[in-house]
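Below is one structure, written out as structure tokens; comments come after it.
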Amino acid sequence: MNATSARPADIAAGRKASRPWRSRANISAWTLSAPAVLFIAVLFVYPLLDVAVISFTDPTLSLVNYREFFSSPLYARVLGNTFWFAFVVTLICLLLGYPLAYVIVRYGGTLGFALLLVVAMSFWTSFLVRTYSWLVILGSKGPVTKLLDWVGFDPVPQIPFNSFATTLGMVHILIPYMILSIYAAMQKIDPNHLRAAASLGATPFQGFRTVFLPLSLPGVVNGCTLVFIICLGFYVTPVLLGGPRDQMIAGLIGEQIEELLEWGFASAMAVVLLATTMALLAVYNRLVGLDKLWG
């Protein structure tokens, strides 16, 4: 028997031999993932389906909740306001986060460790605590108001409860996501690439523009996607730091449930928000790949 004729038989025998192992591996995989899958199905998928059903059946089986949402200029303005805040916060986080991640990766040492520790501590601190800290800092008895009074502002402008305070608080809360995403991508860049560019005559700026920046773009895309999508569903900070004109869709959903008891209409808005988020994730998955979202 020559080698060419034996090869298909060997391959078939190998496949038969590997099937039991593959079957056992599948059983082990399902056994290990079953608790998490069950947890997600009961506490995440089922409530989402229930919300979708309520959006069509409360008060009666119809599309009245969706018709009311898409026909009202007020709700269209709130939806546009949500996307605008998400865009502005994402842009500011990128402009502030990219240079900081660059310094942490490129210079490292004590400075890099200290900066990374500050970012991590901010990331680990509760959303609510950070939002209330801004209420204290920007409030009528806070240090910023006292400084403006000492400088000579009369009357002292009201800093919280407007777009500036909302944007400031959201940037503070979400910028760790941007920094850590870009930092993870920058850490994978081989320094030899920059040395090779320098050996070919590239200046430090040319090396950054033509080598470092393109290689760090996956981290930029991941960070922008994370920050933008989290912004779309942000609730606590806009409610506590923003004014009536800065209302976002998550705050409007809470208002419909807590004050007006309009469960059907609130569910319809939640479904619209969820569909928007899923559409963005689908675009990201198509262009980049959802498995690369966390680096």
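What figure in square angstrom, to the nearest 10, would you give for the accessible area of I189 with a 1.4 Å probe?
We get 20 Å² for I189.
How would M278, M178 line up by accessible area, probe 1.4 Å, largest first?
Output order, biggest surface exposure first: M278, M178.
Can you run the Rg to Rh ratio on the chain? Use alpha carbon positions and the Kirkwood inverse-distance Rh.
Ratio of gyration radius to Kirkwood radius: 1.11.
Looking only at Cα atoms, what is the convex hull volume of segment 33-129 per residue, in Å³?
188
Using the Kyte-Doolittle scale, find the helices of the chain whose mean hydropathy is at least 1.6 and whose Cα atoms extend 20 Å or more along the helix's long axis, counting only whole DSSP H runs.
Span-like helices, by this rule, are 109-124, 213-232.
What is the Rg over Rh value, at two decimals, for segment 156-204, using alpha-carbon atoms and the Kirkwood definition of Rh?
Reported Rg/Rh (Cα atoms, Kirkwood Rh): 1.37.
If I build a Gaussian network model for the chain, linking alpha-carbon pairs within less than 10 angstrom, which residue out of F56, F44, F228 has the largest mean-square fluctuation?
F44
Mean projection of the alpha-carbon convex hull of segment 194-295 over all orientations, in nm²?
Averaged projected area of segment 194-295's Cα convex hull equals 9.6 nm².
How would you rank 256-262, 96-102, highest first, on the average number of other Cβ atoms within 10 Å across their residues?
Most protected by this proxy first, the peptides run 96-102, 256-262.
Roughly how far apart, in whole Å, are the Cα centres of segment 36-68 and segment 232-295?
First find each Cα centre; the distance between them is then 15 Å.
Apply the a/c threshold of 1.5 to the C-alpha gyration tensor of segment 72-143 and tell me whether it is rounded, prolate or oblate.
oblate
Convex hull volume of the Cα atoms in segment 113-235, per residue, in Å³?
155
Tell me the relative contact order for the chain as a rounded percent, counting alpha carbon contacts under 8 Å between residues six or more apart.
Computed over the chain, the figure is 27 percent.
Let me have the 222 nm mean residue ellipticity of the chain computed from DSSP H runs of 4+ only, each contributing -39500 (n - 2.57), with the sum over all residues rounded to the nearest 500.
So the helix-based figure for the chain works out to -26000 deg cm²/dmol.
Share of Cα-Cα pairs in segment 50-190 beyond 27 Å, in percent?
Above the 27 Å cut-off, segment 50-190 has 48 percent of its Cα pairs.
The values are calculated or read from the model by the stated rules, or taken from the named source; none is laboratory data. All values derive from a computational prediction rather than experimental measurement. Glycine gets a Cβ as well: all are built from the backbone with ideal geometry, and neighbour counts include every protein chain shown. Side chains included, ligands, DNA and RNA excluded: accessible areas come from the protein's heavy atoms. Shrake-Rupley method; radii C 1.70, N 1.55, O 1.52, S 1.80 Å.
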